[in-house]
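Derivation of every value follows stated rules applied to the coordinates shown; laboratory data play no part. Values in this document were obtained by computation on a predicted structure and should not be read as measured data. Counting neighbours? That spans all protein chains shown, and the Cβs are built from the backbone with ideal geometry, glycine included.
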Amino acid sequence: MAIFNDFEPDKINELLKPAKRVLDEDIASLKRWDEQDLIEIWNRIKSSYNTFMEDYSDTTPADIRQDTKSKFKFSMLKIATCFYVNERDIPGITTMFSEKEMQFTPDIEEFKAFDILSVDEIKGKIARSEGKLYEIAKKYAERGYKSMDKLLDDAQIQKDIMFAINKEYKNILKKIEISVLEYIKTHPMGIVGATTEISEAAVKVRESEEKRSAIVIKANEKIEALERELFGIKNDKTSLENKITQLENDSMRKEMTKDVLNSRIFELEKERDRLLDHYSGFESIWNSRLDAIEEKRNELMNTERELMLARDNYKKNLEEENKRKVEDELKKVEDMRNALSEKESELKNIKESLDNERNEIEEKLNALKKISEGAVERLVMADEAKMHELNYIGRFNEKIYDLPMKIYNPIDKKEHTVNSWNVNEKFTQEKQIVEAFRDKMRYSEIIEHLPLGTRSLYKITEKKYKFFGKEETKIVIEASVLNHWKKYGEFGLDTNPAELSELNSLLMRHIDKAEPGNYFHIIGISSPTGWSKKAKEYINSSEFHKNFVDRHVSVCLIDPETGEIFYNPLDERITQFTYLFKPEFNTEKVEKCKTRIKEKLSIEDFLTINEVTEKEKDFDAGIVKKAFHDLEKEGMGKFKFVEGVGLVFKKEL
């Protein structure tokens, strides 16, 4: 256990004094206080709570911190309840708690009568109701357990309030149960008539309720701690990303020398290393906490098995009330186990997205280094990116209507014949882009000159029961454009290819939708600046096949400038759809352009795009770029960006 050198119990007890004063009073007494006195002690408690959270919370052991927080919150709830039962609405006091939270407090007060009764006195109450044990148990214990169930199953109850009320109930109910056991010991013959009412099944239900209560509190503690750590990491990542973006923008505007750029990159790398250390530490904590949550889920599975066994063994003899209790508890255990499973999956997905974000930071820093080293390989102007987008989506929309079309669905293992499309949808990032640049550009300029990240989707749907019922999606075919629109809006150009982290993020979103919907999603993603080497290598790898060649999603990547299309060779399903996405060039023109370029390179060492288009009017920039890319593949030279000149094809000497 950790040693808290700065833990100050005396100071915490001092801070708790006004809260303890309220906790020692019951609602009936507090209701009679003057309203101003209640508000004054509320303010003292709230001030003490804030001091504890700001100055002492971090150095207080977790169990004492939880207990202290719950005392503060419960005392404030009691004050709020006084105003609530008096039908007074006090902003900042009654608004701090939900109506359900304020309704719980009077219920507890009714049970508080047992605080002033000894075990012997409670035994006496049982003895005076000989043979009617359940009447007493129902009147006191059962109502208490039901209230605990309502509390633990209600998402509107704050964790600290849940902890405090649960503790109050358990103390009172434990005293009642001890009294019942003492009665059984001292009156063995007198209890015979009641033994059928305290069956083993009922005991199992009690034990299960207590386990659920403990598991809820423990699981919430683990999850809350994880989410606090996650919040810190996300803040650090956002801060570093903002600094990288700012430096990238400054370098694009030529606002610094190469030495200054390298110096700032070096500082950002040090910050990156600190963030990676934070990630590594978090990963270790993450794994241990996730194991703890899994352990709690396994405990619930064991409890569920015990309850089912008790239900089956005693089904014939159980009274109707006990049957209902066992079945109810089984349902609650199952619901909680499912909820923990869902939380586990959610946490694992967050972990995957964190890994992706870590790669994203690396990729952004590498892009900065390329700018510093003059190693930029692509330069695409905003108008070019816009044209790529219009051509790509336009060709796709045209080809998709070459019907009839036969499509095999690997999920329902059926071949669908498409004679007409049930659904055609189009999405863009227009709203987001217009919002970002409305102070810099007119709406008409944005629409005309900037790519909008267009997506075009076609769906095959069927009614659930063939001719009636809800319409269900079976197959989606999508053409999507991934571009860095912020760069085009800010600088009018982009030099960065689409990165692996961007691809992963996009694919995870599609898989998360397709799997629950149980449909087959085919997607072709085009990037006007092409794809990074890592992205192309990854989609071609066995690792990609293992992680992303999902039975619900099949993907290919398109480079509209080179005309290349990339997909995993082990994913045979995508091959029947690549023709829908593949860019088309006038082959005859490209070949003629290549011939002219070769002729010019026999005299010149390098050529720019403008030099070719100005002298050869038959060839536009797209044809020239395609010709340069083809010649680079043939080993004729290198096509790259040169500072102060632009895109240049330099012949191999």
Place +1 on the Cβ of every Lys and Arg and -1 on the Cβ of every Asp and Glu in the range 379-569, take the dipole about the Cα centre, and give the residue among SER444, LEU500, SER456 whose Cα lies farthest towards its positive end.
-> SER456
May I have the convex hull volume per residue, in Å³, for the Cα set of the range 379-569?
-> 133 Å³
Estimated FRET transfer efficiency when R0 is 45 angstrom, pair ASP620-SER541 (beta carbons, to 0.05) = 0.80
Does the range 588-651 come out rounded, prolate or oblate, given a ≥ b ≥ c as the square roots of the eigenvalues of its C-alpha gyration tensor, rounded meaning a/c under 1.5 and, failing that, prolate meaning a/b above b/c?
-> rounded
Computed from the beta carbon distance with a Förster radius of 60 Å, FRET efficiency for ASP10 and ASP291 to the nearest 0.05 stands at 0.95
Of LYS243/LYS386; LYS386/LYS589; LYS615/LYS650; LYS364/LYS633, which pairs sit farther than 20 Å apart, going by alpha carbon to alpha carbon?
-> LYS243/LYS386; LYS386/LYS589; LYS364/LYS633
So if we plug the beta-carbon distance of GLU448 and ASN586 into 1/(1 + (r/R0)^6) with R0 = 35 Å, what FRET efficiency do we get, rounded to 0.05?
-> 0.90
The range 508-570 and the range 17-49 have their Cα centres apart by a whole-number Å value of 62 Å
Place a +1 charge on the Cβ of each Lys and Arg in the range 588-651 and a -1 charge on the Cβ of each Asp and Glu, then give the dipole magnitude about the Cα centre in debye, rounded to the nearest 20.
-> 140 debye
